[in-house]
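Report on one structure; see the data block that follows.
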Amino acid sequence: MTSIDLVETGAEWPRLHAVEAPGGAATDPRPPIDRERAAAAVADLLEALGRDIRSPHLADTPRRVADAFAEMLTPRPFAPTSFTNDEDYDDLVVVAGIPFDSLCEHHLLPFSGVAHVGYVPGDRLVGLSKLARVVEYFARDLQVQERLTRQVVRWLDDELGPRGVGVVIEAEHLCMSLRGVQARGTRTVTSAYSGMVRDDARTRRDFLARCGVGGAGSAA
């Protein structure tokens, strides 16, 4: 298991990627995918790899590959839903084991796993399903796991103004298990925190315990 700790000490998150999470609008700011050009590019790639695209077995492969990538890179649009914290709830809210699939931007191979997302509310609460939706939103892109982890934290910070946020992501990368070192079954674990989940060791330990990830990123 590879563990990468992304605990932040600064007050602001750096700009990590061109794609930003949705605000009040249920729209995706990413440019549309040109499936015709993508299919033509796949055909060129197959030929460059020595494959005969005139074969009946490959005749429709460029279109299928273009459609598959378009699906994997297109998240479902959503509008964030938050509510006033009328009951002044001030303990952790954790949704653990959110499944996701993404594409490594270095090899265009999938990486898949689960995300554990938690926050200590301030004045606003978010609909629980939105924690899963925002993971999907950022995962449906050409990604690296470290960036994905930070983006979810920053979205919650920006959208809710919570007292603290914690995100842990565990994933297996096919670019590591199918090629190169071919280390099958290995997991990469990344974590990122803000506010009191970052600064208060007890809160962070509580978050990690609820996620069931043992000591990942648990150093005080």
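Couple of notes before you dig in:
- Region 34-143: chymotrypsin sites (Phe, Trp or Tyr not before Pro) falling in loop per DSSP and having at most 12 other Cβ within 10 Å: TYR89
- Nonlocal amide H pairs with ARG163, under 5 Å, H built at 1.01 Å: VAL120, GLY122
- Under-5 Å amide H pairs with LEU109, H placed in peptide plane, nonlocal only: CYS104
- When you work out D = kT/(6 pi eta Rh) for region 95-203 at 25 °C and 0.890 mPa s, using the Kirkwood radius from C-alpha pairs as Rh and the Stokes-Einstein form, the result is 172 µm²/s.
- Residues LEU109, LEU92, LEU46, sorted by accessible area with the largest first, give LEU109, LEU46, LEU92 [1.4 Å probe; ligands and nucleic acids excluded].
The values are calculated or read from the model by the stated rules, or taken from the named source; none is laboratory data. The shown structure was predicted, so the numbers you read here are calculated from the model rather than taken from an experiment. Cβ: placed from backbone, ideal geometry, glycine included. Neighbour counts: every protein chain shown. Heavy atoms of the whole protein, side chains included, go into the accessibility calculation; ligands, DNA and RNA do not. Shrake-Rupley method; radii C 1.70, N 1.55, O 1.52, S 1.80 Å.
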